[in-house]
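What follows is calculated from the coordinates using simple rules that are stated; it is not laboratory data. Quick caveat, the model's predicted, so the values are computed rather than measured. Glycine gets a Cβ as well: all are built from the backbone with ideal geometry, and neighbour counts include every protein chain shown.
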Amino acid sequence: MGLGKIPTKKINLNRLNAKQREAATFGQGPLLILAGAGSGKTSTMTHRIAYLIAEKSVLPSQVLGLSFTNKAASELKDRVKSLLKESVGSLALHGLTVCTFHSLCVRILREFAPKIGFTKNFTILDPGDQESIVREILKSIRIDDRKFDPSWILFQIGQAKNKMMNDENAQKFFDTVKGPKVAYDDYSIALSSVYPRYRERLQQLDAMDFDDLLIHAVTLLETDVETRATLNHRYRYILVDEYQDTNPAQFRLLKALTEKSQNICVVGDDDQSIYGWRGADPNHILEFHHHFPGTKTLILDQNYRSTNSILKAANSVIQKNEKRFDKSLWSQKGDGNPIHLIAVEDDRAEATHVVETLERIKTDRQFRWNDFAILYRSNAQSRLFEEVLRGHLIPYRLVGGLSFLDRKEVKDTLAYWRIVIKTSDDLSLRRIINWPARGVGKKTFGEIAETALAKECSWFSLLPDYGEKLNRLHQSTLSIRSRLETINRADFLTDEEFRQAVTAIARDSLNQFEIKKGIESDEADDVAKAQRKWESVEELAHAIGMFESSATAPQNGLEFFAEYLGTLSLGDREEKEKDTDEVTLMTLHAAKGLEFPVVFLVGLEDGRIPHQRTIDEAGDLSEERRLFYVGVTRAKTDLILTRCKQRIRYGKTIPQNPSRFLADLPPELVVEQDYSSTPEFKSKEAQDAHERAVMDFFAEFQKKLKPKA
């Protein structure tokens, strides 16, 4: 039942600057907000959503906010809730949808999937499930699955999907792909063979992978007029964060959802488009006014993060990119400290110098360890910095470790719960049929598989025929499923009571499925480790009670549980922030959206940034330049750039050239310091001449060492 219109009341816009206020109070039609780094884009978006609801009487259920991570979506919704609480009260949030693109697609498909040949309870595959299917396909077509990397094959399939390629274009794309090893040029043949079989297999399993969620949602919207009209009517105002990162599938999804109203507001920065390697297309933001005629464009160029020295350096670098919107960041924080560019001898000298400088700044300026970040182009660069930090007893956090959803105990628990939702989910049942141990050996496993294939039935239906332990698994699953089906929120439970009831059933299921026993068996020699794993599983059950269902909420416990699992399975796999005092080590890609008082941007040599692959292929350097720009603009007060004159690789000393992007920095903003003994050369010719002179010297020296006849 709807709440009707929200009584209008002014929200406080005094915290916004003039450009932000103009964006927040914009009326009808398409709006492009070009939000430079640190310019308060999230604040602008939250005020716009609150303004629409509080002052324009737009129903919250008609507003859709989209982001790329669950963390960003949660922050956005929490801040809107806080703003509205000040004006019209918390009830104004009822029905508001703020989520990731993939979560939105899950919600759409849970409602309309039967129109494209799937059930509403389709399975969402995790990477392990996908790789198992690819291996099975390779074996079935008599290709040695040990020769190929399934994850690499799946990545290329995902590239084709996200670009919405039809079968013909996908095959052309696969023909151009080179495998990870030169000897494996027949990867393109494997891709062409696997791709159609992989899609067919997923359809048979009533399953979708991460990329399919977008593809199938777009297909549904573009081919079904009724569904498209329903969703256009449901979502009258759409706001999109980080629009520069959208891929072709996401772009087409937005076009279909805004066919009627055109009330789309996108926020992004073309200068921070750094995900081309995974399908993002900066042309979506650069050509937004062509895709949505009548667009109003507003530029947020006041930076609230960095000093002007840092911003002037960033502006100078990024202005060398030709295809971009003309904008320059500025700040009211003053010029601040100069930028330091440090040249060191080699890899170890770089790590040592960075750590010693970091310690000195912390002591002199009374900073905390978490005020510092060491940023690099690739994960492999972290090793020496970790080693030196450990040697100095400095706590650090390496971003990119094993995420919560990738842990075995969590994935096993999710597999049990997926079977509860859909007993025909053979992939999930295979994962846990003998965890904890139930005496299912290869022979029994093979018999079940063959019988299911012959009878064209699910593995689950055969469990009672294979002993007491498997029969108990069968009965436990049906019992839990039955309990979930009996909960009907509309009859006797509030939303909070409903979530608590589902959570209680989930916790009970942990005992019924003997999950703790499985963990203790796996970690029989490490009680502490077993306890940590069990705590992860308990946290998973606890999280159900914190889950907020969509506006089109299912009406019983089983469907609520299915939606929770579907959303959780998406896991943006971002590492959760820790409230601990540690130096942060991360790649430039991972650093986007973050800020630190002191940033060390390391490894600034040609071949690292810009990446050697881009240089070798004579490719467009614009994205590499944007990546460097992102690194520079993470710093609030201090930016220290480091480069090596040579690096040790496989026992050999290899000279390094400075990153070409360093030449774009204004000299008056940079203090250069050379801590190496290796001379610099103005040209390649001068370096070659020096090396010849050194060789001649040693040749003469060797002659003098020869014994006299």
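FRET efficiency for the pair Q332 and K517, taken as 1/(1 + (r/R0)^6) with r the Cβ-Cβ distance and R0 = 60 Å, rounds to 0.50. In degrees, nearest 10, range 0 to 90: what is the angle between the Cα axis of helix 248-257 and the longest Cα principal axis of the chain? Roughly 50 degrees, rounded to the nearest 10. Principal-axis analysis of the Cα atoms of the chain puts helix 622-632 at an angle of about 80° to the longest axis. A Förster radius of 35 Å combined with the Cβ-Cβ distance from A229 to H290 puts the calculated FRET efficiency at roughly 0.90. Kirkwood radius for segment 216-272, taken over all pairs of different Cα atoms as the inverse mean of 1/r, rounds to 11.8 Å.
Here the chain carries DSSP beta bridges of which approximately 10% are antiparallel, counting only pairs with both residues inside.
Note on D465 and V670: with the Förster distance fixed at 56 Å, the Cβ-Cβ geometry gives a FRET efficiency of about 0.15. The spread of Cα positions in the chain, taken along each principal axis and listed from longest to shortest, comes to 95, 76, 53 Å.
For the pair T176 and N657 in one chain, pulling the backbone fully straight at 0.36 nm per residue adds 170.0 nm over the alpha carbon distance. Rounded to whole numbers, the Karplus 3J(HN,Hα) couplings from phi for segment 57-62 are 6, 6, 5, x, 5, 8 Hz, using 6.51 cos²θ - 1.76 cosθ + 1.60 with θ = phi - 60°, and x at Gly and Pro. Pairs exceeding 27 Å between alpha-carbon atoms, taken from K139/K517; K115/K469; K296/K323; K255/K296; K85/K411; K10/K296: K139/K517; K115/K469; K85/K411. State which entries of K161/K260; K9/K81; K81/K260 exceed 23 angstrom in Cα-Cα distance in the structure shown. Over 23 Å apart, Cα to Cα: K161/K260; K81/K260.
Legend: residue pairs K163/K327; K41/K77; K19/K320, Cα-Cα distance threshold 22 Å; pairs beyond threshold, K163/K327; K19/K320. Per-residue ellipticity at 222 nm computed for the chain from its helices equals -15000 deg cm²/dmol, with DSSP H segments shorter than 4 residues left out and the rest contributing -39,500 (n - 2.57).
The residues packed around P338, meaning those with a beta-carbon under 12 Å from its beta-carbon, carry a net charge of -3 if Lys and Arg are +1 and Asp and Glu are -1.
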